[in-house]
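The values are calculated or read from the model by the stated rules, or taken from the named source; none is laboratory data. What you see is a predicted model; the values in this text were computed from it and never measured. Heads up, the Cβs are rebuilt from the backbone with ideal geometry, glycines too, and the neighbour counts pull from every protein chain shown. Side chains are part of the model used for accessible areas, which takes the heavy atoms of the whole protein and leaves out ligands, DNA and RNA. Shrake-Rupley method; radii C 1.70, N 1.55, O 1.52, S 1.80 Å.
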Amino acid sequence: MTTSVNPFDVARIREDFPILKKLIHGKPLVYLDNAATTQKPQAVIDALVNYYVTENSNVHRGVHTLSQLATDAYEGAREKVRQFINAEHDKEIIFVRGTTEGINLVAQTYGRANIGPGDEIIITAMEHHSNIVPWQILCEEKGARLKVIPINDDGELLLDEYESLLSPRTRFVSVVHQSNALGTINPVERIIELAHARDIPVLLDGAQAVAHVPIDVQKLGCDFYAFSGHKLYGPTGVGVLYGRADLLDAMPPYQGGGEMIRSVTFEKTLYNVIPNKFEAGTQNIAGSVGLGAAIDYVNSVGMDNIASWEKELLAYGTERLSEIELVQLIGTARHKGSILSFVMENAHPHDVGTILDAEGIAVRTGHHCAQPLMDRYGVPATVRASLAFYNTKEEIDTLVRGIDRVIEVFSR
Amino acid sequence: MSNLHELYQEILLEHNNKPRNFRKLEDANRKADGYNPLCGDQITLYLKVEDDVIADVAFQGHGCAISRASASMLTQSVKGETLAKAEEIFDGFHALITDPDADVDYDLLGDLEMLSGVSAFPTRIKCAVLAWHTLNAAIEGKEDSVTTE
Ligand SMILES: Cc1ncc(COP(=O)(O)O)c(C=O)c1O
């Protein structure tokens, strides 16, 4: 073994992720489906086990010691999230199931209270279904309208079109920070600036961005930011909705139940303060603690190191795939994250996925929960290789060999 | 032969490249749409049924090699058969691709035997049966599009 001169020691990093040692069909796993979910470092797995072995109890409810330990762990995780995205207050961090629930929460509370007949909500042509359907449900209920910012062929938003969509009826803007299907990182600062000039609040769907771009919600100035723990090397079933305190305070509750109340009589219920007002029932306590551990882990690697290694991988992957004549990349924005979405001239994405799987390579094939976007490109589906900081250039070489295999099978 | 070669046999690829009866059937008297939400495969199946016999059958749509080849082979195998016989063929085909140890009647299946490799790829069974579920829906005169879910 030669010693690496690269300050980013990916071999060392890979040691932290036990699943990366797994063999698939007898071949080393090449995990390139990180946009769907990321793998978990041992530190996160240990945090889950440790919580159940030493701290498990319900939070905010008991005077006994264990309950206090669990509450400290849970609230400690909230503080870690706050620091990670640089929110001003702890109470602006609401634990939810994931991005999907975060967006639904905003649509069902802020949306129902503030959006009426004839009002308009702006999204983009590259949204995940979870940032389309909650707004459609609201529009249906309220008689409001959904407006869509179009994109160019590279997968970049047309900001001029956005400006002309902003109207006196616009009540909300909800935009994906980094597209899961194209990789495009959107100019969210400008989007927010233009909306705020008209006093329109903005939600960012950070499901993808949070694992690849350092996030500072105060600097961004967004009103809401939603993300999922499982795409940030944390457990499934837990995510975060950040909301500005003044907005959250004014919003009606989402679900009713325990924990979200201050006092209940059959005549009247007083709601708890934020964040508890939005955390009805027993939350995913262990998951939240696991997410806190994931944040610690990511911080120990360093978001900047992660971003720069992924940038290098993306450049290498883009170059290698561009060399293959039968491959067409979908999503070629100038500013993009580590996602390589492509179609092949003679092979359907689903067949590509099966052949790559036989080589141990995990990619996602399909519409990536973005059917309107697939329609925009006139393809039913794409193959998507999404990279994380534990991926290597050798793995991209393996992907390229896998694609050669597809070409070989389909040219018989 | 590797599992992969067994799956992507030459006959399958040939059907994928040049699907049989791949057109709209203008005088169809039954029709159904099928959709596989997992991968976006979409198919429209047209039937002309006369006295319980499938006098003509054709399909349109887009999908992976397996769903296209399966649809193409379907049209060949059920054309001219009674509805009851078509059902029998589907049952035999279903057993072939889901159960490697099934006792199947190869005479009944003809070219469809070439899809047996699917049984080693559980995630692809839905692709292979999409056209068949759509055929059933067309026979039963169902209006709603069928899905593999
Ligand atoms: C951009 C984007 N938004 C939202 C989601 C939904 O996330 P979850 O399923 O974790 O709620 C995803 C995940 O696939 C995503 O990529």
Please state which of the following conditions residue A:63 fails to meet, knowing it meets all the rest: (1) at pLDDT below 95; (2) aliphatic (A, V, I, L, M); (3) under 21 Å from residue A:292 (Cα atoms).
(3)
Do any residues in region B:25-45 that are farther than 18 Å from residue B:63 by Cβ and more than 9 Å from chain A (Cβ to nearest Cβ) have Cβ atoms under 9 Å from those of residues that are assigned to a loop (DSSP other than H, G, I, E, B) and open to solvent by 10 Å² or more (accessible area, probe 1.4 Å), where the two are at least six apart or on different chains, and which pairs are they?
B:30/B:141
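Would you confirm whether any residue within region B:8-16 is closer than 24 Å to residue B:139 by Cβ and either buried (at least 19 other Cβ atoms within 10 Å of the Cβ) or free of Cβ contacts under 8 Å to residues at least 40 places away in the same chain (or both)?
First, the residues of region B:8-16 that are closer than 24 Å to residue B:139 by Cβ: B:15.
From what's left, either buried (at least 19 other Cβ atoms within 10 Å of the Cβ) or free of Cβ contacts under 8 Å to residues at least 40 places away in the same chain (or both): B:15.
Within region B:8-16, one or more residues are closer than 24 Å to residue B:139 by Cβ and either buried (at least 19 other Cβ atoms within 10 Å of the Cβ) or free of Cβ contacts under 8 Å to residues at least 40 places away in the same chain (or both).
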Helices (runs of 4 or more DSSP H) fully within region B:53-149 counting 2 or more residues that are over 21 Å from residue B:8 (Cβ atoms) and more than 12 Å from the chain's Cα centre (by Cα):
B:83-98, B:106-109, B:125-140
State whether the residues of region A:329-340 include one that is surrounded by fewer than 19 Cβ atoms within 10 Å (Cβ to Cβ) and farther than 18 Å from residue A:185 by Cα.
no
Considering every residue within region A:225-235, establish whether at least one is surrounded by fewer than 19 Cβ atoms within 10 Å (Cβ to Cβ), closer than 29 Å to residue A:36 by Cα and of a type outside the set (A, V, I, L, M, F, W, C).
no
When the residues of region A:368-400 are filtered to those that are closer than 22 Å to residue B:123 by Cβ and open to solvent by 20 Å² or more (accessible area, probe 1.4 Å), which remaining residue is farthest from the other protein chains (Cβ to nearest Cβ)?
A:398
Residue among A:161, A:193, A:140, A:189 that alone is touching a helix residue (DSSP H, G or I) at 6+ places or on another chain (Cβ under 8 Å) and free of Cβ contacts under 8 Å to residues at least 60 places away in the same chain
A:189
Let me spell it out: the conditions are (1) away from chain B (no Cβ under 14 Å); (2) away from the ligand (no atom under 16 Å from the Cβ); (3) open to solvent by 30 Å² or more (accessible area, probe 1.4 Å); (4) in contact with a strand residue (DSSP E or B) (Cβ under 8 Å, 6 or more places away or on another chain), and residue A:359 meets all of them except one. Which number is the exception?
(1)
Filtering region A:188-219 for residues that are within 18 Å of the chain's Cα centre (by Cα) and within 16 Å of the ligand (Cβ to nearest atom) leaves a count of 14
Hey, could you check region B:69-80 for residues that are open to solvent by less than 50 Å² (accessible area, probe 1.4 Å) and not β-branched (Val, Ile, Thr) and say which is nearest to the other protein chains (Cβ to nearest Cβ)?
B:69
